[in-house]
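A.B. asks: This is the structure I want to talk about, given as structure tokens.
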Amino acid sequence: MSDPAYPVTRHDYAGDAEELERLEAALEGGPKGAVAVSLIAVALLMIGWLGMYFLVFLPRGTVG
Amino acid sequence: MAINEQAILNSELRWAAVVGGIIAVIVSAVLYAAIAMHVNPPSNREYVDPKTLHLSAEFTEANLGTRIDPDGRVVARLIATQFEFVPNCIVLPTNREVTLRFATPDVIHGILVTGTNVNTMVVPGYVAQVHTQFTKTGDLLMPCHEYCGLGHTQMIATVKVVPPEQFRPDAEGRAACGDAR
């Protein structure tokens, strides 16, 4: 089932050809912007996690 | 020119690899702490009758506080009750394996020792036990961290961590806060 608002292939696309060209140009190399934003967000999260783990948690000593 | 579905798929596969790598790093860090540094969640399943705690062999009033057990282990036993710890100060040596044992006759309490990873719940009917080794000296606060009633905020004890030479148990192996100088 294809929805004209969310085309799967160009044959499903109901918009005009010019808009389709712009869409194709934007997606040509993959979602680079989304990857960049995700990398920055996840990198900050991991820096925070590793910092808490190695600078706060482990120095507080053994427990069990 | 077609919408490059292969490029989108490749980016998702690369992102899956990144996430897989992050999970591997986190699991490795947790395993390293558990195996190499013996940092584990305190786990102890040991039952005690809260109604007769004061009559039990271990948690009678005379047996509370820090003591060197016959097998050489340093063990501190405390009762957590509304709204105090008994005793409200214990003394322990640095750089030596110590065991903290807690029980409660009333409601659920929780303890943590500030600046350390010592942290456990104290649940009626169970003995909460934590093994640890203190590396720094000082008077560490040990508050109740589980709301236990109106006096909860007053429920706080002190863990006095002293160098081994100042840890002087008496002939029976008991050490109290007043003994450490």
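A.B. asks: Go ahead and estimate [θ] at 222 nm for chain B from helices alone: -39,500 (n - 2.57) per DSSP H run with n ≥ 4, summed, over the residue count, rounded to 500.
C.D. replies: Details: 1 runs with 31 residues, N = 181.
The per-residue figure over chain B is -6000 deg cm²/dmol.
A.B. asks: How large is the convex hull of the Cα atoms of the stretch B:50-179 per residue, expressed in Å³ as a whole number? Don't skip to the end; give the middle numbers.
C.D. replies: Details: hull volume 12.7 nm³, N = 130.
Spelled out: Cα convex hull of the stretch B:50-179, divided by residues, is 98 Å³.
A.B. asks: Could you pull out the chymotrypsin sites (Phe, Trp or Tyr not before Pro) across the stretch B:89-173 that fall in loop regions by DSSP (anything but H, G, I, E, B) with no more than 10 other Cβ atoms inside 10 Å?
C.D. replies: Details: sites: B:F102, B:Y126, B:F134, B:Y147, B:F167; in loops: B:F134, B:Y147, B:F167.
Counting only loop positions with at most 10 other Cβ atoms within 10 Å, none of the chymotrypsin sites (Phe, Trp or Tyr not before Pro) in the stretch B:89-173 qualifies.
A.B. asks: What percentage of all Cα-Cα pairs in the protein assembly as shown are separated by more than 32 Å? Please list the in-between numbers first.
C.D. replies: Values: 13506 of 29890 pairs.
Summing the P(r) tail past 32 Å for the protein assembly as shown gives 45 percent.
A.B. asks: Need the C-alpha centroid separation for the stretch B:37-75 versus the stretch B:118-178, integer Å.
C.D. replies: 12
A.B. asks: Restricting attention to the stretch B:1-99, which GluC sites (Glu not before Pro) occupy a DSSP loop and are surrounded by at most 15 other Cβ atoms within 10 Å? Each step should come with its number before you reach the end.
C.D. replies: Details: sites: B:E5, B:E12, B:E46, B:E58, B:E61, B:E84, B:E97; in loops: B:E46, B:E58.
Of the GluC sites (Glu not before Pro), the ones in loops of the stretch B:1-99 whose Cβ has at most 15 other Cβ atoms within 10 Å are B:E46, B:E58.
A.B. asks: In sequence order, what are the phi-derived ³J(HN,Hα) couplings for the stretch B:55-65 according to the Karplus relation 6.51 cos²θ - 1.76 cosθ + 1.60 with θ = phi - 60°, rounded to whole Hz, with x for glycine and proline?
C.D. replies: 9, 5, 5, 8, 9, 5, 4, 5, 9, 7, x
A.B. asks: Follow-up. By how many degrees, 0 to 90 and rounded to 10, does the Cα axis of helix B:5-35 deviate from the longest principal axis of chain B?
C.D. replies: 20
A.B. asks: Turning to a different aspect of this structure: How far is it, in nm, from the label point at B:M37 to the one at A:V35 when both lie 7 Å from their Cα along the line to the Cβ?
C.D. replies: 3.4
A.B. asks: While we're looking at this one, here's another question. Work out the mean other chain Cβ neighbour count within 10 Å for the residues of A:19-31 and drop it here as an integer.
C.D. replies: Numbers: counts 0, 2, 1, 0, 1, 4, 2, 1, 6, 5, 4, 10, 5.
If you average over the peptide's residues, the count of other-chain Cβ atoms is 3.
A.B. asks: Also, quick follow-up: Once amide H atoms are built 1.01 Å from N in the peptide plane, which residues 5 or more positions from B:V91, or in another chain, come under 5 Å H to H?
C.D. replies: B:T66, B:K160, B:C177
A.B. asks: Give a residue-ordered list of calculated ³J(HN,Hα) values for the stretch A:17-26 (Karplus: 6.51 cos²θ - 1.76 cosθ + 1.60, θ = phi - 60°; whole Hz; x for Gly, Pro).
C.D. replies: 5, 5, 5, 4, 4, 5, 5, 5, 5, 5
A.B. asks: Given the convex hull over the Cα atoms of the stretch B:1-40, what projected area results after averaging over all orientations, in nm²? Spell out each step's value before the answer.
C.D. replies: Details: hull surface 11.2 nm².
Hull-based average projected area comes out at 2.8 nm².
A.B. asks: Kindly write out, for the stretch B:151-162 in residue order, the coupling ³J(HN,Hα) from the Karplus curve 6.51 cos²θ - 1.76 cosθ + 1.60 (θ = phi - 60°), rounded to whole Hz, with x marking Gly and Pro.
C.D. replies: x, 3, 5, 8, 8, 8, 10, 10, 9, 8, 9, 10
A.B. asks: For B:T81, which sequence-distant residues (separation of 5 or more, or a different chain) have an amide H within less than 5 Å of its own amide H, given hydrogens modelled in the peptide plane?
C.D. replies: Excluding prolines and chain starts, which carry no amide H, the hits are B:V86.
Read the figures in this text as sums done on the coordinates, not as results from a lab. Quick caveat: nothing in here was measured; it's all calculated off a predicted structure. Heads up, the Cβs are rebuilt from the backbone with ideal geometry, glycines too, and the neighbour counts pull from every protein chain shown.
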